[in-house]
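The values are calculated or read from the model by the stated rules, or taken from the named source; none is laboratory data. This one's a predicted model, so the numbers in the text were calculated from it and none came from an experiment. All Cβ positions, even for glycine, are placed from backbone atoms using ideal geometry, and neighbour counts span all protein chains on display.
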Amino acid sequence: MSNIRVYLDNCAYNRPFDNQQNLLVRIETEAKLAIQQKIKDNELSLIWSDVLDYENNDNPFMERREQIAEWNYFACEKVELNTEIIEKAREYMKIGLRQKDAAHIACAIQGSGEYFITVDKKIINKGIKEITVIDPIEFIRRMQNDY
């Protein structure tokens with residue numbers, strides 16, 4: 001399974017810090033933590049990017065920022081921002097994605113990601129064709145069903 005390449009966006013990394021009183025948030029958090037364990041166990045390959053570094057550095061909470069930044073060390077690849085990614089991101093912005101979201105998706109594709117994992121429903125519902133955009137719960141469901 002280690003050949004499956006995943007990219008988690010900043011929303012996914014921050015999910016454990018969200019209010020866990022909401023059942024869906026709590027379940028998404030558990031699924032996201034399970035994905036991270038699979039990365040640590042080398043069952044999944046993580047893609048990191050300059051865009052994740054940039055967005056994470058804007059996090060006003062130092063503890064969160066530091067915990068998220070540590071995932072860079074588990075990455076099999078770090079995608080550096082370049083003109084090709086910027087152009088691809090501009091295409092995604094034309095379908096209504098915000099600039100950072102579009103850049104994350106472009107980086108995930110550049111890194112040969114198979115899954116873009118997010119908890120942001122606005123991204124999931126955009127119909128991106130080049131990569132499977134999925135929430136952590138559905139990702140875990142698919143991995144357990146092996147399809």
(request) State all residues of region 99-132 that are farther than 18 Å from TYR13 by Cα and basic (Lys, Arg); if no residue qualifies, say none. (result) LYS126, LYS129
(request) Go through region 16-48 and give me each residue that's surrounded by fewer than 22 Cβ atoms within 10 Å (Cβ to Cβ), basic (Lys, Arg) and closer than 30 Å to GLU84 by Cβ. (result) LYS38
(request) Please list, ordered by first then second residue, the pairs with beta carbon atoms under 6 Å, 6 or more apart or interchain, first in region 49-63 and under 10 Å from LEU81 (Cα atoms) and modelled with pLDDT of 95 or more, second assigned to a helix (DSSP H, G or I) and of a type in the set (Gly, Ala, Ser). (result) VAL51/ALA103
(request) Tell me the helices (runs of 4 or more DSSP H) entirely within region 1-108 that contain at least 3 residues that are under 14 Å from the mean Cα position of the chain (by Cα) and within 27 Å of GLY127 (Cβ to Cβ). (result) 10-14, 23-40, 50-57
(request) Please name all residue pairs, on different chains or six or more residues apart, with Cβ atoms under 6 Å, provided the first residue is in region 68-80 and is within 20 Å of PHE17 (Cβ to Cβ) and the second residue is outside any helix (DSSP H, G or I) and modelled with pLDDT of 95 or more. (result) ASN72/TRP48; PHE74/LEU46
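Each row is one residue, and each column tells you yes or no for (1) without any contact (Cβ under 8 Å) to a residue 40 or more places away in the chain; (2) under 12 Å from VAL6 (Cβ atoms).
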site: ILE85; (1), (2): yes, no
site: LYS94; (1), (2): yes, no
site: GLN99; (1), (2): yes, no
site: HIS104; (1), (2): no, no
site: ILE117; (1), (2): no, yes
site: ILE123; (1), (2): no, no
site: GLY127; (1), (2): yes, no
site: GLU130; (1), (2): yes, no
site: ILE134; (1), (2): yes, yes
